[in-house]
Amino acid sequence: MNRESRKCQNCHQEFWIEPEDFDFYKKIDVPPPTWCPECRLIRRLLWRDDQTLYKRHCDLCKKEIIAMYPADVSFPVYCRACWYSDGWDALAYGRDYDFSRPFFSQFSDLMQVTPQIALQIDRSTNSDYCNQITDCKNCYLLTSGSDCEDCQYGYRILNSKSVVDAFAAIRCQFCYQTLQSMDSARMLFADRCHDSLDVVFGFDLKGCQNCFMSTNLRHKSYVFKNQQLSKEEYKARMAQIDTGSYAKLREYEFEFNEIKRKSLYKFIIDNHIVDSTGDSLGNTKNCKDCFFTSDTEDSRFCMLLFNAKDIYDVNNGCCVMERCYECSTTGVHAYDVKLSADVWPEARSVSYSQSCRNGVSDLFGCVSLRKKQYCILNKQYSRQEYEELVLRIIKHMTEMPYVDKRGLAYQYGEFFPPEISLFAHNTSTAKDFYPLTREEAEKKGYRWGKEESHDYKPTVNAAELPDHIKDAKDEITKEIIACLHDGKRNEYCTKAFRIIPDELNLYRRMNVPLPRLCPSCRHYQRFRSRNPLKLWERQCLCDYKVHKNIVSHPHHPTGRCPNKFKTAYSSERSEIVYCEQCYNAEVV
């Protein structure tokens, strides 16, 4: 088919469907989307919660638990032990399909009575205060993580150990305040650093060791503020640096931000990519319009994807998955999972299902099932009955679409409507990537959840904490510390926080001071530093004036570079953005 223009049913903006997109939709047997890629992503993010946690009681064992659902929801919420137990049966909530009502109305009814798991934690130990993790050990307030140990306060941390306050770190060890970095160890305040070791305040480093406050380097060692030194000179300079002092660290941060401001920015954050577009990509091949995606091929419109193949419109997926479409949170050996949320691990041929686990296959419209096959709306069928009924339901979804309060129609092929999500906008992952005010959210048809009050009584102010980590006593773990922001800069500020013993030990080992901000404020500081999930058409800024180049570039010996590209850096931003040719001439 030829390239076609469509108008988004939701935002009414134009978007394009390419020939290869039509090929994918035909292969998995779904109609082309009626929503644009950005609206589809927001719609899926409304079906996931990462950061909002509540204290409540398990509705089965009655023990106090941590959950992503508040106590006043209509459906039962079970702790992990109860949810995985034989003390209840999700098939007991099954019902016949009603051809007099739209599918999504029936699915919503099923969700409102079927028990939900308190937290999405799988095969993990001593990680009770985490969410959306698998195969983790001794982790605390880690979200969207896999195969991690001793990690704290991170988002999208994979195959890592002893990583604290990080965003999008893969295969890293003993790192603090690390952003979008891979295959590195012993780094403090590192951004976009790969295959590197012993870095303090580094930006855009690859294959580097022993670098301080340096940027745009490749395979360098003993570099201090972008100046090459001998090993002895570097050690002498570093002996004067003390990252354990909060006051000195603030000075270092200010100076480093000035160095970064004058550095070069490649139009795309990438590491070993082939025929791929988007941003924050690593080891990708033929991935288009993808963000924070690594070890993936033949995919499009994805975000936070790891180790996947042949995927369209999936956010938060990882760990071996193939041929999946329009999913929010899936993976860990998933195949042919479509239009679903929280379906993992070991899932196959599942559609329109939510929170189904552990080897499920051939499900349609199911909630909270485990190790089941051939089920529709949580009712068991034979294989023949299942296959025949699914075809009838798909036809019915087109003939009797669900229509939401805004008048938008949802036929077969559309993801779940936002208005039936178990999460409100301000308690979902959508708030992290697409923040809105309550008025803006409700205008778009999104629910707004009850805002939790934080009435903690701090025992110490952040300003009263010791300046140096060496002066922090063990007793600090017993204190309630007032957040320096005090709820004034971030509406999700918890206003107070604690330091846990394992956290204190890591700060001492890494020689960094106690934090002054609550984990929520630190999280949103990191999120604000990332690029948006959007691409703009731009021209390379290289003109031999905006930056002092070290060599002449053969493709434009004088004047401005003519190369154009799609980039996550808008023209309104101040970064010096170069095309690949100009960037490689200066950096590589």
Applying the span-like rule to the chain (DSSP H, Cα extent along axis at least 30 Å, Kyte-Doolittle mean at least 1.6) gives none
Quick calc, segment 460-529, dipole around Cα centre from Cβ unit charges on Lys, Arg (+) and Asp, Glu (-), nearest 20 debye, gives 300
Contact order relative to length for segment 4-45, counting C-alpha pairs under 8 Å separated by 6 or more residues, stands in percent at 42
If unit charges are put on Cβ atoms (+1 for Lys and Arg, -1 for Asp and Glu) and the dipole of segment 4-45 is taken about its Cα centre, the option from Phe15, Val30, Ile42 lying farthest towards the positive end turns out to be Ile42
The exposure ranking of Ser85, Ser355, Ser328, fewest beta-carbon neighbours within 10 Å first, is Ser85, Ser355, Ser328
For the chain, the charge dipole (Cβ of Lys, Arg +1; Cβ of Asp, Glu -1; about the Cα centre) points to a positive end, and the Cα of Phe256, Ala169, Ile311 closest to that extreme belongs to Phe256
Taking every DSSP bridge whose two residues both lie in segment 279-399, the antiparallel percent to the nearest 5 is 5
Nearest-0.05 FRET efficiency for Ala463 and Lys371 at R0 = 56 Å, using Cβ-Cβ distance, is 0.55
quick shape note, segment 144-220: Cα extents on principal axes in Å, largest first -> 31, 15, 15
Per its Cα gyration tensor (rounded if a/c is under 1.5, else prolate when a/b beats b/c, else oblate), segment 332-445 is best filed as oblate
Any aspartates and glutamates whose Cα falls less than 13 Å from that of Lys55, other than same-chain ones fewer than 8 residues away, would be Glu64, Asp72, Asp128, Glu452
Counting only DSSP loop positions in segment 552-588, the trypsin sites (Lys or Arg not before Pro) whose Cβ has at most 15 other Cβ atoms within 10 Å are Arg560, Arg573
Length gained if Glu388 through Gln112 is fully extended, taking 0.36 nm per residue and subtracting the Cα-Cα distance, is 96.7 nm
To the nearest 0.05, the calculated FRET efficiency linking Gln581 and Asn257 through their beta-carbon distance, R0 being 25 Å, is 0.35
Note: segment 460-529, point scatterers on Cα, Debye, no solvent; log10 I/I(0) at q = 0.15, 0.20, 0.27 Å⁻¹ equals -0.47, -0.82, -1.24
Yeah, segment 279-399 with a ≥ b ≥ c from its alpha-carbon gyration tensor (a/c under 1.5 is rounded, else prolate when a/b outruns b/c, oblate otherwise) is prolate
The size of the Cβ-based charge dipole (Lys, Arg +1; Asp, Glu -1) of segment 536-586 about the Cα centre, to the nearest 20 debye, is 100
Note to self: C-alpha centroids of segment 525-588 and segment 491-507 sit apart, in Å, by 38
Given the candidates Pro458, Leu179, Tyr578, the one whose Cα lies deepest towards the positive end of the charge dipole of the chain, counting +1 at each Lys or Arg C-beta and -1 at each Asp or Glu C-beta, is Tyr578
If amide H atoms are modeled at 1.01 Å from N in the peptide plane, then the residues at a separation of 5 or more from Phe174, or on another chain, having amide H under 5 Å from its own are Lys161, Ser162, Val163, Arg186
Rounded to the nearest 500, the 222 nm mean residue ellipticity computed for the chain from DSSP H runs (n ≥ 4, each -39500 (n - 2.57)) alone is -5500 deg cm²/dmol
Low-density loop trypsin sites (Lys or Arg not before Pro), segment 9-103, at most 14 other Cβ within 10 Å, DSSP non-H/G/I/E/B, are Lys62, Lys63, Arg95
The extension gain from Ser453 to Lys545, computed as 0.36 nm times the residue separation minus the Cα-Cα distance, is 27.9 nm
The Cα radius of gyration of the chain, divided by 2.2 N^0.38 Å with N its residue count, comes to 1.00
Using the Kirkwood formula on alpha carbons, the hydrodynamic radius of segment 107-160 in angstrom works out to 11.4
Scalar couplings 3J(HN,Hα) for segment 133-142 by Karplus 6.51 cos²θ - 1.76 cosθ + 1.60 (θ = phi - 60°), nearest whole Hz, x for Gly and Pro, are 10, 8, 6, 10, 9, 6, 10, 9, 6, 9
Reduced to Cα centres, the span from segment 89-143 to segment 225-283 in Å works out to 41
Given pairs Lys225/Lys288; Lys444/Lys564; Lys137/Lys534; Lys7/Lys206; Lys372/Lys395 and cut-off 30 Å on Cα-Cα distance, the over-length ones are Lys225/Lys288; Lys444/Lys564; Lys137/Lys534; Lys7/Lys206
Going fewest to most other Cβ atoms within 10 Å around each Cβ, Ser574, Ser520 line up as Ser574, Ser520
One would report the antiparallel percent of DSSP beta bridges in the chain, rounded to the nearest 5, as 15
Partner lysines whose C-alpha sits under 21 Å from that of Lys488, ignoring same-chain residues fewer than 8 away, are Lys431, Lys450, Lys457
Scattering profile of segment 4-45 from the Debye formula, Cα beads only, expressed as log10 I(q)/I(0) at q = 0.20, 0.26, 0.29, 0.31 Å⁻¹, is -0.62, -0.94, -1.03, -1.08
Heads up, segment 160-266 by the C-alpha gyration tensor (a ≥ b ≥ c square roots of eigenvalues; a/c under 1.5 rounded, else a/b over b/c prolate, else oblate) looks rounded
If every Lys and Arg gets +1 and every Asp and Glu gets -1 at its Cβ, then about the Cα centre the chain yields a dipole, in debye to the nearest 20, of 900
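The numbers here are math on the coordinates, done by the rules we state, and not lab data. Please read all numbers here as calculations on a predicted model, not as lab measurements. Please note: Cβ atoms are built from the backbone with ideal geometry, for glycine as well, and neighbour counts cover all protein chains shown.
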